[in-house]
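Student: Can you read through this structure? Questions will come right after.
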Amino acid sequence: MSSLTFDIRILRSLLSIAETGSVTETARRLGRTQPAITLQLKRLEDLSGRSLFRQEGRRMVLTTDGQMILTYAKSILRSHDELITKLASDEIEGQVVLGTPDLYAPYVLPDVLSHFRKEFPKVQVQLQCSLSTPLVRLVHRGEIDVALVTRMNDFTGGQVVQRQQLIWVTGERSSAHEEVPVPLALLPPGNIFRDHAIAALEQADRPWRIACISESISGLQAAVFSGMAVAVLGRKALVPGMRELEPSPQFPLLPKVEMLLYKSPVALSPAAHALHQYLKYYLDPTSSGPAALTAALPPKAKTRGELVS
């Protein structure tokens, strides 16, 4: 039987390098030195007897062997982190305020919050829905603990946890997309969904007009369902009663937008840390995962650390 074993910390570094393409960025993310990360990678290659990365310009890219090992590493880390969470969850309690646009609340959060409630039954989550820009101000001021928002052009900080494709949507039997000028249902000024929609139509030289402005998904949905307008939403927000318009010269392909996760610098409670780490882990499988919960646990739980080394 082989005595080959892999350190959990090395597998976590492999995930980060695969995501970032950079040893330097991985060292920054994991709070280690660049030589330490380089040594971990060399050790993993020595243990496996395979070359895991190749250099393409300034970016490190996985080889075929590296991709195979990464697949198993993700599975190992997911099981490991789920166990850490199980062991920690009963010791964490308190209240956490989570802010998010209601564009995400119905489609992104129900599943993850349902799982979180089961894992952390003593943590009370207060959900606060608003637009991304005011939420980022609130989390920086410490008025909310954690925020999941859409990256706007002037945002700083936060961690990218997902990218979602923007799409043009209209009602199932609507002909609003054929009207000239095309009627639009948009978020208020300053939102990147709105900016991308208008920029794309301007570039296509397609006349447009505002038919609906709404801060909430329900207002945009009403305009779309009624057939009075075309809207731009993330693909996850596509529901029965809507249909996606395929990219065309009249409705150009839209970009992807980034979802950012913030934690207030004054949100130091184990409950806030647990929710932040859980969201990061659930939304971004390549993140460091709930094992990082140990940094915020009571002393008894902190001794558990990484269960595999």
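The values are calculated or read from the model by the stated rules, or taken from the named source; none is laboratory data. Remember, predicted model here, so these are calculated numbers, not experimental data. Backbone-built Cβ (ideal geometry, glycine too); neighbour counts: all protein chains shown.
Student: Please give the number of the condition Phe251 fails out of (1) outside any strand (DSSP E or B); (2) surrounded by fewer than 17 Cβ atoms within 10 Å (Cβ to Cβ); (3) of a type outside the set (D, E, K, R).
Tutor: Evaluating Phe251 over (1) outside any strand (DSSP E or B); (2) surrounded by fewer than 17 Cβ atoms within 10 Å (Cβ to Cβ); (3) of a type outside the set (D, E, K, R) leaves (2) as the failure.
Student: With Thr63, Thr100 as the choices, which residue is buried (at least 19 other Cβ atoms within 10 Å of the Cβ) and of a type in the set (Val, Ile, Thr)?
Tutor: Result: Thr100 is the single residue among Thr63, Thr100 that is buried (at least 19 other Cβ atoms within 10 Å of the Cβ) and of a type in the set (Val, Ile, Thr).
Student: I need every pair where a residue in segment 194-207 that is not assigned by TED's automatic domain parsing to the domain that holds Met152 has its Cβ under 9 Å from the Cβ of a residue that is loosely packed, with under 14 Cβ neighbours inside 10 Å and small (Gly, Ala, Ser), sequence separation at least 6 or different chains.
Tutor: Ala204/Ser248
Student: Quick one: which residue in Leu131, Leu184 is within 29 Å of Leu98 (Cα to Cα) and of a type in the set (A, V, I, L, M)? First the steps, then the outcome.
Tutor: Numbers: Leu184 fails: within 29 Å of Leu98 (Cα to Cα).
That would be Leu131, the only listed residue that is within 29 Å of Leu98 (Cα to Cα) and of a type in the set (A, V, I, L, M).
Student: Looking at this structure, is Ala211 in a strand (DSSP E or B) and touching a residue at least 60 places away in the same chain (Cβ under 8 Å)? Working first, answer last.
Tutor: Working: in a strand (DSSP E or B): yes; touching a residue at least 60 places away in the same chain (Cβ under 8 Å): no.
Considered against the rule, which asks whether it is in a strand (DSSP E or B) and touching a residue at least 60 places away in the same chain (Cβ under 8 Å), Ala211 comes out as no.
Student: Follow-up. Please determine whether any residue of segment 108-120 is outside the structural domain of Glu143 (by TED's automatic domain parsing), under 16 Å from Asp284 (Cα atoms) and in contact (Cβ under 8 Å) with a residue 12 or more places away in the chain.
Tutor: Here is the first cut: in segment 108-120, the residues outside the structural domain of Glu143 (by TED's automatic domain parsing) are none.
No, segment 108-120 contains no residue that is outside the structural domain of Glu143 (by TED's automatic domain parsing), under 16 Å from Asp284 (Cα atoms) and in contact (Cβ under 8 Å) with a residue 12 or more places away in the chain.
Student: Taking the stated definitions as given, is Arg58 surrounded by fewer than 14 Cβ atoms within 10 Å (Cβ to Cβ) and either modelled with pLDDT of 90 or more or under 30 Å from Leu166 (Cα atoms) (or both)? So that I can check it myself, show each step before the final result.
Tutor: On the way: surrounded by fewer than 14 Cβ atoms within 10 Å (Cβ to Cβ): yes; either modelled with pLDDT of 90 or more or under 30 Å from Leu166 (Cα atoms) (or both): yes.
It is true that Arg58 is surrounded by fewer than 14 Cβ atoms within 10 Å (Cβ to Cβ) and either modelled with pLDDT of 90 or more or under 30 Å from Leu166 (Cα atoms) (or both).
Student: State all residues of segment 105-118 that are over 21 Å from Ile217 (Cα atoms) and surrounded by 18 or more Cβ atoms within 10 Å (Cβ to Cβ); if no residue qualifies, say none.
Tutor: Result: Phe116, single match.
Student: Sticking with this structure for a sec: Collect the residues in segment 217-245 that are at pLDDT 95 or above and part of a loop (DSSP other than H, G, I, E, B), keeping them in residue-number order.
Tutor: Those that are at pLDDT 95 or above and part of a loop (DSSP other than H, G, I, E, B): Ser226, Gly227, Met228, Ala229.
Student: Something else: Restricting the first residue to segment 49-74 and requiring it to be more than 16 Å from Ser16 (Cβ to Cβ), which pairs with a second residue that is not in a loop (DSSP other than H, G, I, E, B) meet a Cβ separation below 6 Å and a spacing of at least six or different chains?
Tutor: The qualifying pairs are Arg50/Asp65; Arg54/Val61; Thr63/Arg54.
Student: If you take the residues of segment 119-142 that are under 19 Å from Gln277 (Cα atoms) and of a type outside the set (A, V, I, L, M, F, W, C), which of them is surrounded by the most Cβ atoms within 10 Å (Cβ to Cβ)?
Tutor: Top of the filtered list is Glu119.
Student: Still on this model: Taking the residues in segment 132-162 that are part of a loop (DSSP other than H, G, I, E, B) and in contact with a Phe, Trp or Tyr (Cβ under 8 Å, 6 or more places away or on another chain) as candidates, determine which candidate is modelled with the lowest pLDDT. I'd like the intermediate steps shown before the answer.
Tutor: Here is the first cut: in segment 132-162, the ones part of a loop (DSSP other than H, G, I, E, B) are 142-145, 151-158.
Pick out the ones that are also in contact with a Phe, Trp or Tyr (Cβ under 8 Å, 6 or more places away or on another chain) and you get 157-158.
Numbers: Gly157: 86, Gly158: 90.
Taking the candidates together, the pick is Gly157.
Student: Moving on. Would you call Ala296 of a type in the set (A, V, I, L, M, F, W, C), under 21 Å from Gly142 (Cβ atoms) and either at pLDDT below 95 or under 25 Å from the mean Cα position of the chain (by Cα) (or both)? Give the steps one after another, and end with the answer.
Tutor: Details: of a type in the set (A, V, I, L, M, F, W, C): yes; under 21 Å from Gly142 (Cβ atoms): yes; either at pLDDT below 95 or under 25 Å from the mean Cα position of the chain (by Cα) (or both): yes.
Answer is yes for this residue.
Student: Among the strands (runs of 3 or more DSSP E) confined wholly to segment 49-131, which include 1 or more residues that are in contact with a Leu (Cβ under 6 Å, 6 or more places away or on another chain) and within 30 Å of Ser214 (Cα to Cα)? Reasoning before the result, please.
Tutor: Working: elements: 53-56, 59-62, 94-100, 123-129.
Where strands (runs of 3 or more DSSP E) fall fully within segment 49-131 and carry at least 1 residues being in contact with a Leu (Cβ under 6 Å, 6 or more places away or on another chain) and within 30 Å of Ser214 (Cα to Cα), they are 94-100, 123-129.
Student: A further question follows. Counting only residues that are of a type in the set (Gly, Ala, Ser) and surrounded by fewer than 20 Cβ atoms within 10 Å (Cβ to Cβ), which one in segment 254-281 is nearest to Ile92 (Cα to Cα)? Can you show your working first?
Tutor: So in segment 254-281, the residues of a type in the set (Gly, Ala, Ser) come out as 264, 267, 269, 271-272, 274.
Now drop any that are not surrounded by fewer than 20 Cβ atoms within 10 Å (Cβ to Cβ), which leaves 267, 269.
Details: Ala267: 14, Ser269: 9 Å.
It comes out as Ser269.
Student: Select from segment 164-179 the residues that are farther than 13 Å from Phe251 by Cβ, surrounded by fewer than 18 Cβ atoms within 10 Å (Cβ to Cβ) and over 31 Å from the mean Cα position of the chain (by Cα) and write down the one among them that is modelled with the lowest pLDDT.
Tutor: In the first step, residues of segment 164-179 are kept if they are farther than 13 Å from Phe251 by Cβ; the result is 164-165, 171-175.
Those left that are additionally surrounded by fewer than 18 Cβ atoms within 10 Å (Cβ to Cβ): 165, 172-173, 175.
Checking which are over 31 Å from the mean Cα position of the chain (by Cα) leaves us with 173, 175.
Details: Arg173: 93, Ser175: 96.
Looking at the filtered set, the residue picked out is Arg173.
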